[in-house]
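Some notes on the structure that comes next.
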Amino acid sequence: MKIQNVGVVGCGLMGHGIVQVAAQGGCNVVALETQQEALDKGIARVEKSLAKLASKNVEKGKMTADQAAAWQTEVRGRITPSLDKGDLANCDLVVEAIVENLDVKKSLFSELGGICKPETIFASNTSSFPVGEMADASGRKDRFIGLHFFNPVQLMRLVEVVRTDDTNEDVFAAARAFGEACGKTPVSCKDTPGFVVNRLLVPYMVQAIQMLDRDDASKEDIDAAMQLGCGHPMGPLTLTDYVGLDTTLSILEGWVERYPNEPAFSIPASLVSKVKEGKLGRKTGEGYYKWEGDKKS
Ligand code: 3HC
């Protein structure tokens, strides 16, 4: 079972990156959004990122300027922007990267179950919801998988491949091979809260926020401690701004509701108040830090 034609639903922070790495891996990709403006914004991000990667390849002597230009055109040419779910009908794989809301995801998969050919594999890029619940809603739980990419998708080398008890073995193997074609190293995980990375990462971010809320240390010192003491590329508070405070809060709210007795899952007060104030991190210009574009100000 070879995945050649891919649909990606949602062209936002994660979706545009998945569109890009799938196209870089040689797949034909339908990039689907509900609104033209969001679609244009996602495709513009792909084009900007491709230009950046192309110029880096030239700088490093891996490509000539002509080869880099041809590569960009070729990769971009594999991407078909669309506002019509009907364009997903013949895809081998459809990856969902829409808003992190379980009901909205379930309703999407239920609709796609009626649109896509019976062989189409469905995947969710959810950060924290149970893959099995979406699989049930899709009407094809043996052809359903979690494919969890990391932000920024173009640079992070991991994809988590999450299988449920019902996932067909061939589907699992095809999804892993797709992850490899996207240039990622796949790791396998069962359908557990947060899979591997977020189960470890989110409680760590929570501890850093609570440390700041208690005034144990400044945000700069907490971040410097983890960067210089543990070799992390970003400290935990910078990373929370990078991931998005709204995303982090919504992951935690889902977990606290489902697993009220798990002490690792708790919601820091400042996270709630900042989200209420619209301080969502890098994307809104302020979270735990102030941002100007991609850089802290
Ligand atoms: N496409 C192409 N190039 C990109 C890019 C993109 N999307 N994003 C950044 N780059 C380029 C930059 O332009 C820069 O190029 P330059 O060297 O020519 O200026 C280069 O990559 C390096 O970027 P930066 O200068 O910004 O700095 P860093 O060296 O710190 O690298 C980073 C950036 C790779 C993001 C690094 O800081 C990092 O690894 N941070 C941790 C990220 C992380 O932990 N992500 C996981 C989050 S958790 C998650 O996603 C799960 C979810 O479910 C919550």
Inset, instruction - Give the number of residues within segment 225-257 that are open to solvent by 60 Å² or more (accessible area, probe 1.4 Å) and either within 15 Å of Pro193 (Cβ to Cβ) or of a type in the set (S, T, N, Q) (or both). - result: 3
Inset, instruction - Tell me, yes or no, whether segment 274-286 has at least one residue that is open to solvent by 40 Å² or more (accessible area, probe 1.4 Å), under 18 Å from the mean Cα position of the chain (by Cα) and not assigned by TED's automatic domain parsing to the domain that holds Val99. - result: yes
Legend entry - Selection within segment 129-147 - within 16 Å of the ligand (Cβ to nearest atom) and open to solvent by 10 Å² or more (accessible area, probe 1.4 Å): Phe129, Pro130
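One residue is enough: does segment 112-125 have a residue meeting the conditions within 11 Å of the ligand (Cβ to nearest atom) and surrounded by 15 or more Cβ atoms within 10 Å (Cβ to Cβ)? Break it down into steps so the answer makes sense when it comes.
Initial filter on segment 112-125 (within 11 Å of the ligand (Cβ to nearest atom)): 125.
From what is left, the residues that are surrounded by 15 or more Cβ atoms within 10 Å (Cβ to Cβ) are 125.
Yes, segment 112-125 has at least one match.
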Legend entry - Where Asp92 falls short, out of the listed (1) of a type in the set (Asp, Glu); (2) within 25 Å of the chain's Cα centre (by Cα); (3) more than 28 Å from Val161 (Cβ to Cβ): (3)
Legend entry - Answer residue from segment 89-111, given it is among the β-branched types (Val, Ile, Thr) and part of a loop (DSSP other than H, G, I, E, B) and is surrounded by the fewest Cβ atoms within 10 Å (Cβ to Cβ) among those: Val99
Inset, instruction - State the number of residues belonging to segment 227-284 that are of a type in the set (Val, Ile, Thr), more than 14 Å from Val206 (Cβ to Cβ) and out of contact with any helix residue (DSSP H, G or I) (no Cβ under 6 Å at 6 or more places or on another chain). - result: 1
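For segment 156-239, please list each of the helices (runs of 4 or more DSSP H) lying entirely inside it that holds at least 3 residues being farther than 24 Å from Val21 by Cα and either away from the ligand (no atom under 16 Å from the Cβ) or of a type outside the set (Val, Ile, Thr) (or both).
Numbers: elements: 169-181, 197-213, 219-230.
The qualifying helices (runs of 4 or more DSSP H) are 197-213, 219-230.
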Legend entry - Segments classed as helices (runs of 4 or more DSSP H), wholly inside segment 12-88, with at least 1 members that are out of contact with any helix residue (DSSP H, G or I) (no Cβ under 8 Å at 6 or more places or on another chain), within 15 Å of the ligand (Cβ to nearest atom) and hydrophobic (A, V, I, L, M, F, W, C): 15-24, 36-59
Inset, instruction - Kindly provide the set of residues from segment 153-169 that are touching a helix residue (DSSP H, G or I) at 6+ places or on another chain (Cβ under 6 Å) and open to solvent by less than 50 Å² (accessible area, probe 1.4 Å), ordered by number. - result: Val153, Gln154, Val159, Val161, Val162, Thr164
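Would you confirm whether or not segment 182-190 contains a residue that is basic (Lys, Arg), touching a Leu at 6+ places or on another chain (Cβ under 9 Å) and either under 29 Å from Val8 (Cα atoms) or touching a residue at least 60 places away in the same chain (Cβ under 8 Å) (or both)? Reasoning before the result, please.
To start, the set of residues in segment 182-190 that are basic (Lys, Arg) comprises 184, 190.
Now restrict to residues that are touching a Leu at 6+ places or on another chain (Cβ under 9 Å): 184.
Remaining after also requiring either under 29 Å from Val8 (Cα atoms) or touching a residue at least 60 places away in the same chain (Cβ under 8 Å) (or both): 184.
Yes, segment 182-190 contains a residue that is basic (Lys, Arg), touching a Leu at 6+ places or on another chain (Cβ under 9 Å) and either under 29 Å from Val8 (Cα atoms) or touching a residue at least 60 places away in the same chain (Cβ under 8 Å) (or both).
The values are calculated or read from the model by the stated rules, or taken from the named source; none is laboratory data. All figures in this text were calculated on a predicted structure; none of them were measured in a lab. Counting neighbours? That spans all protein chains shown, and the Cβs are built from the backbone with ideal geometry, glycine included. To get the accessible areas, we keep the full protein, side chains included, count just its heavy atoms, and leave off ligands, DNA and RNA. Shrake-Rupley method; radii C 1.70, N 1.55, O 1.52, S 1.80 Å.
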